[in-house]
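Notes to accompany the following structure.
The values are calculated or read from the model by the stated rules, or taken from the named source; none is laboratory data. Keep in mind it's a predicted model, so treat the numbers as computed, not measured. In this analysis, Cβ positions are derived from the backbone assuming ideal geometry, glycine residues included, and neighbour counts consider all displayed protein chains. For accessibility, only protein heavy atoms count, side chains too; no ligands or nucleic acids. Shrake-Rupley method; radii C 1.70, N 1.55, O 1.52, S 1.80 Å.
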Amino acid sequence: MARESEFLALDDAALRAVVGPHSRHIALIEDAYKVLVEAPGGGVTINGSTRDRAQAKRVIETLAARSTTGAEITEADVRTALGAAATRPRDGQGTVAPNAIALPVGRRGAIAPKTAAQANYLDMLSKCELTFGVGPAGTGKTFLAAAYGASLLRRGQVDRLVITRPAVEAGEKLGFLPGDLNEKVDPYLAPIWEALNDILGPDDVRRRRDKGEIEAAPIAFMRGRTLAHAFIIVDEAQNTSRLQMKMVLTRLGEGARMVVTGDPSQIDLLNPRDSGLRHALRILDGVKGVAIQTFQAQDVVRHAMVERIVRAYDADAAKHRPSADLEDPDS
């Protein structure tokens, strides 16, 4: 097959993002599509077959478009673009369609969806009172929920950001941990605090926590409350019981929205069939105002190894999952 060259003009910022540190991003693209990518200045030259050039060009345009938002382009972004290039819904320039949700700018640049699933997830968060984000680790479901909640809080569209999760590891009994309630709960919510610190900054997070605008508590402390004008994040929901899930879902008050995140493949309960997340996904699918976004291994935006690990576990589960695990006693 004939190999030809094509020049793609890029501004300086986009060119730096596409090339990457020590030309690492270009190397990933070259390895994926059997092309030669050179950066003579003012853009890149792509040498390869017609099909390979087209795929490489699509990835480069995706990275360039993302760089214009001010986001830092990492190897994870390159791998995500490579994995989605052949199947991702595109706008006129071969990128993930622009998302209308105004997310804050984090310390590493603008926050924007990296995959079509993430873009759809953010759209659901903006339109539905209750959204479920389920799938493997590293797909951004918790980080994007925190980013969206932070954006609502900054714009005054909600009064509070409430974060809760089951403390399965401590049996919901946190008394043996030192400190006040926040100090007892914080170790279990480290991923969300990391996300909020990245988005709002540690000082703003502390100030908002002191004012009660950001609140964290284990699910056991949600009982009996009505959460009005709040954005609620229920994290690690695969480890809620059915009773806990029903309880926390019915905390929604006037002007409130809720997102429930979890990975049904990582249930730590003694009886996995008691998982409130798995049960809720079955009975609430199709209910008005409820949306469910399921992430797959190809949506992993963390480390390339994470995607490979997820795929290996999924393949093993498909071969060895007992039929009893697939049955629901209420179905």
What tally of residues in the stretch 246-264 results from selecting those that are surrounded by fewer than 24 Cβ atoms within 10 Å (Cβ to Cβ) and more than 20 Å from the chain's Cα centre (by Cα)? 10
Please go through the stretch 272-290 and pick out each residue that is surrounded by fewer than 19 Cβ atoms within 10 Å (Cβ to Cβ), assigned to a helix (DSSP H, G or I) and either of a type in the set (A, V, I, L, M) or outside the structural domain of Gln244 (by the TED database) (or both). Ile283, Leu284
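Condition check: open to solvent by 20 Å² or more (accessible area, probe 1.4 Å), assigned by the TED database to the domain that holds Cys128 and under 28 Å from Arg79 (Cα atoms). Does Val301 satisfy that? Please lay out each step first, then the result.
Working: open to solvent by 20 Å² or more (accessible area, probe 1.4 Å): yes; assigned by the TED database to the domain that holds Cys128: yes; under 28 Å from Arg79 (Cα atoms): yes.
It is true that Val301 is open to solvent by 20 Å² or more (accessible area, probe 1.4 Å), assigned by the TED database to the domain that holds Cys128 and under 28 Å from Arg79 (Cα atoms).
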Can you pull out every residue in the stretch 1-34 that is open to solvent by less than 50 Å² (accessible area, probe 1.4 Å) and more than 14 Å from Ala64 (Cα to Cα)? Ala27, Leu28, Glu30, Tyr33
Need the failing condition index for Leu269 against (1) assigned to a loop (DSSP other than H, G, I, E, B); (2) loosely packed, with under 15 Cβ neighbours inside 10 Å, just the number. (2)
Of the criteria (1) modelled with pLDDT under 85; (2) crowded, with 19+ Cβ neighbours inside 10 Å; (3) among the hydrophobic types (A, V, I, L, M, F, W, C), which one Ala102 fails: (2)
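Is it true that Ala76 is part of a helix (DSSP H, G or I), touching a residue at least 60 places away in the same chain (Cβ under 8 Å) and among the aliphatic types (A, V, I, L, M)? So that I can check it myself, show each step before the final result.
Working: part of a helix (DSSP H, G or I): yes; touching a residue at least 60 places away in the same chain (Cβ under 8 Å): yes; among the aliphatic types (A, V, I, L, M): yes.
Taking the combined requirement at face value, the residue satisfies it.
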Please find, within the stretch 43-81, the residue that is farthest from Ala32 (Cα to Cα) out of those that are surrounded by fewer than 21 Cβ atoms within 10 Å (Cβ to Cβ) and of a type in the set (A, V, I, L, M). Ala71
Within the stretch 195-216, restricting attention to residues that are out of contact with any Pro (no Cβ under 9 Å at 6 or more places or on another chain) and modelled with pLDDT under 85, which residue is surrounded by the fewest Cβ atoms within 10 Å (Cβ to Cβ)? Asp198
How many residues are under 23 Å from Ala81 (Cα atoms) and outside any helix (DSSP H, G or I) when one looks only at the stretch 124-158? 8
Output the number of the condition that Thr226 fails; it satisfies all remaining conditions of (1) open to solvent by 20 Å² or more (accessible area, probe 1.4 Å); (2) of a type in the set (Val, Ile, Thr); (3) in contact (Cβ under 8 Å) with a residue 40 or more places away in the chain. (3)
